[in-house]
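Nothing in this text is a laboratory measurement; each read-out follows from the coordinates by a stated rule. Since we're looking at a predicted model, the values are computed, not measured. Cβ sites come from the backbone with ideal geometry, for glycine too, and all protein chains shown count toward neighbours.
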Amino acid sequence: MKVSDPIMIRGKEIKNRLTMAPTVKFDYAGADGMATEKHLEHYRARAEHGCGLICVEATAVAPGGRFWKNHMGLWEDAQIPGHKAITNACHEFGAVVLIQLNHTGITSNPDCGPAIGPSAVPTRDPNVLSKEMSLEEIKEMQGLFLDAAVRAKKAGYDGIQLHGCHGYLINQFISQKTNHRTDAYGGSIENRARFGAEIIRMIREACGEDFIISIRTVGVEPNVATAIGIAEEYVKAGCDYLQVSTGIEWDDPTLVERGEPYNLICSLGVRFHEHFKGRVPVSCVNGILDPELARYLIENDLVDTVDLGRAVLADPAFCEAALTGAPFVKCFNCPNCQYGPGMKHKCPAALKRGTIQA
């Protein structure tokens, strides 16, 4: 298998095994959550340089579930045209395009909305507890994810990705650290996965059989075996594609460095691929900054696709480098990524390429 080999997911051919991971552009959107020309050009460039699949950044399903006030949304129909421009640009260059749907839950920015979640637990302010969601509020929240997915389909997305990791709302239902419920949404693995699994079923019914449903899921919560059990529930519900990252808790003695060329976070995707091989395609992410590593992971059948974050932020030509050996500017691996909030996008690789001014 090669990185240039296509892969079929839910009847759609992805032209290669290189995918763009969702990475939020904090200063591109305004308080209205609208996609902007900056978003359009950002994703067009990654599609033009060869990404087979692009997952557009975490997009809020409700104004109160944002990271910051300048966080892109898909909570109302007025936001559809901006997203349509993004999908058109990506499709022009043959990329399949998903959008990641998210609610921040107990980590919601207090300037945007209240901290709500499966249980009353400490929030950003350890002296303030989140509001435990009632069953009615759980159903309402699931409806918000569904409505955003329907809008995504209208905007031309080939599917959606649920943000089920990194400590946000779906992950909060998974983790026993943040979910202390004793009803149908707490306790067992099946119950803790129920919130996300029900959203998957709702989206499948509303958006049809040709719509990709992915989830960026926890690879360890608190251990790999539990995380795989959670993912099994998502697959039973109809998830087509598992993109594996980290969650809230990390307590698994089997996760140790063994001299592999990839890091421990990346190894979570490798472990999931071993488990789900032949059933559901799996991606890995984190620290894939060299084309040689991307090729190694695919050519050795360690994962089905590789998710690229900083590598394609630093230079969209990374994909061409992995596919053909073309030149590119490598990510400088800054301790704090210069694409992060408040950094004003002074990425040294982008500066070197001359796409931004110092």
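Mind ranking 23-34, 217-228, 122-133 by how tightly packed they are, going by the mean number of other C-beta atoms within 10 angstrom, highest first?
Sorting 23-34, 217-228, 122-133 by mean packing, highest first, produces 217-228, 23-34, 122-133.
Residue by residue through segment 321-327, what is 3J(HN,Hα) from phi via Karplus (6.51 cos²θ - 1.76 cosθ + 1.60, θ = phi - 60°)? Round to whole Hz and write x for glycine and proline.
Running phi through 6.51 cos²θ - 1.76 cosθ + 1.60 with θ = phi - 60° gives 5, 5, 7, 10, x, 5, x Hz.
For segment 69-125, what ratio Rg/Rh do Cα atoms give with a Kirkwood hydrodynamic radius? Present the calculation step by step, with values, prior to reporting the outcome.
On the way: Rg = 15.7 Å, Rh = 13.9 Å.
My calculation of the ratio gives 1.13.
Based on the Cα coordinates of segment 7-353, what is the per residue volume of their convex hull in Å³? Mind showing how you got there, number by number?
Numbers: hull volume 44.2 nm³, N = 347.
About 127 Å³ per residue, rounded to a whole number.
Rounded to the nearest Å, what's the spacing between the alpha carbon centres of segment 106-167 and segment 60-75? Just the number, please.
For segment 106-167 versus segment 60-75, the Cα centre distance is 10 Å.
How high is the relative contact order of segment 7-353, given as a whole-number percent (alpha carbon pairs under 8 Å, six or more residues apart)?
Values: 775 pairs, mean separation 52.1, N = 347.
15 percent.
Hey, got the dipole for the chain? About the Cα centre, +1 on K and R Cβ, -1 on D and E Cβ, debye to the nearest 20?
On the way: 37 positive and 43 negative charges, 120 e Å.
Computed about the Cα centre, the dipole is about 580 debye.
Using Cβ contacts closer than 10 Å as the measure, can you line up His275, His71, His42 from fewest to most? If you can, show how the numbers build up before the last one.
Values: His275 15, His71 26, His42 22.
Arranged by neighbour count, lowest to highest, His275, His71, His42 become His275, His42, His71.
Sequence gap at least 6, Cα distance under 8 Å: using those rules, report the relative contact order of segment 162-263 to the nearest whole percent. Please report the intermediate quantities before stating the final value.
Numbers: 164 pairs, mean separation 32.4, N = 102.
This gives 32 percent for segment 162-263.
Roughly how large, in nm² to one decimal, is the mean projection of the convex hull of the alpha-carbon atoms in segment 199-358? Kindly include the intermediate steps, with their values, before the conclusion.
Values: hull surface 45.8 nm².
So the mean shadow area of the Cα hull is 11.5 nm².
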